[in-house]
1. Local charge sum around Ile162 (other residues, Cβ-Cβ under 11 Å, Lys/Arg +1, Asp/Glu -1)?
2. With the crude spin-label approximation of a point 7 Å out along Cα→Cβ, what separation in nm comes out for Lys97 versus Val36?
3. Determine the sum of side-chain charges near Gln143: Lys and Arg each +1, Asp and Glu each -1, restricted to other residues whose C-beta is under 12 angstrom from that of Gln143.
4. Along the charge dipole of region 102-160, which of Tyr112, Tyr125, Gln147 sits closest to the positive end, that is, farthest toward it, with unit charges on the beta carbon of Lys, Arg, Asp and Glu (+1, +1, -1, -1)?
5. State, to one decimal in nm, how far the label point of Ser132 lies from the label point of Arg47, with both points 7 Å from Cα in the Cβ direction.
Amino acid sequence: MFVKNRQASKKSGEPPKLADFLEKRVVRLATLIVSVLSILIFFTLFRLNEQSFLNQELSHVLQLEKNWSSRIDSFGKLLCVLAVQKDLFQDEEKLLKTLEEIYNRYSPLVAYPAFERTDGRMFSYPHHDYGSEYDPRKRPWYQAALQNPNTYVVVKPFMHAILNEPAIAVAKAVLDENGEVLGVIGIDLVSSRLAENFLTDGSYIVDETGQIIAKKGRIKAIFNPNRPDRMSRPT
């Protein structure tokens, strides 16, 4: 009976009843609320997934940094242990044997472990003739070690004279019983080999100036720590 009355009302041109009007408004409002809620739920889930991905990536990066720092630190501690064995550096045969053991154990990460005396004489393994013009006492790693005799030092990447590729030097000053300098023991860590062992494809490590220390694979953009808002393209 109610349906028939509505149809009759429409045919006669009568205005819609209040119940019909409210019914339409409620349906429209409900549709709008459902749509808004659906959008909010979508963006909430999207943000949660994005945040989860970022957290995973951050955790991965922190683990890479931890592994990298741990490896560098292990080489530094090795040099500190050797540096307190005074007699080792006063016996050329023992010294060369020790350098050979370091090379054999840590190659290919380590290249040419060496000891440089204060008179400029240099011992390394494998043996290499650096020439008469080469003075290790003028090198940054030698001077840095003397400036920090109580701990090991890590020197920024440099182009290795023999391998002709970037390397990182870890060095430690060696002192005698009276605190006088006997020389500096150091090892060169080949950046590309470190990256191959400790980095994932497309990742890299930079120092505080933004200079790349090691990388693996193709890099799309490089983070600049001095300009956090800028990403530079690799050259």
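1. Here the charged neighbours net out to -3.
2. 8.3
3. In short, +1.
4. Of the candidates, Gln147 comes out farthest on the positive side.
5. In this crude label model, Ser132 to Arg47 measures out at 7.4 nm.
FYI, it's all coordinate maths here, none of it is from the lab. Since the model is a prediction, treat every value here as computed from it, not as a measurement. No Cβ is skipped: glycine too gets one built from the backbone with ideal geometry, and neighbour counts run over all protein chains shown.
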